[in-house]
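The values are calculated or read from the model by the stated rules, or taken from the named source; none is laboratory data. Keep in mind it's a predicted model, so treat the numbers as computed, not measured. We place every Cβ from the backbone using ideal geometry, glycine too, and count neighbours over all the protein chains shown.
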C-alpha cells in the first residue's frame with residue numbers, strides 16, 4: 001500500500017485512453033481533420049476523506065507534485081480537470097491530468 005493510499009486519498013495510475021468520438025452536424029468535418037485513433041495517458045488524484053477533503057489548494061499542490069514526480073513536460077499536458085463531489089462534509093475535490101509525450105509532434 002502506498003503512502004497516498006494509506007491516508008485515504010486516491011491516486012489512479014496512468015491509463016491510455018481510447019477512440020475519439022464526435023457528435024453533431026460538424027462531426028464528419030471534424031473527423032476528417034483528426035486521426036481515427038489518438039491516445040494519451042492520465043492520472044487522477046483526490047483528497048483524503050478527512051479534514052483535507054475540501055482543501056482545493058492541497059489537491060492542486062499534490063497534482064503539481066505528481067506532474068513533477070512523473071517528469072511530465074508542461075508542453076505534453078493536454079488537459080487538467082478539477083471536479084468536486086458534494087458530501088455531507090462539503091466538497092470532495094479530485095483532479096485528472098491528461099498528457100501525451102507525442103503532443104509536440106502532433107502540432
Where residue 71 falls short, out of the listed (1) at negative phi; (2) in a loop (DSSP other than H, G, I, E, B) | (1)
Just a yes or no: is a residue in the range 2-18 modelled with pLDDT of 55 or more, surrounded by 11 or more Cβ atoms within 10 Å (Cβ to Cβ) and part of a helix (DSSP H, G or I)?
-> no
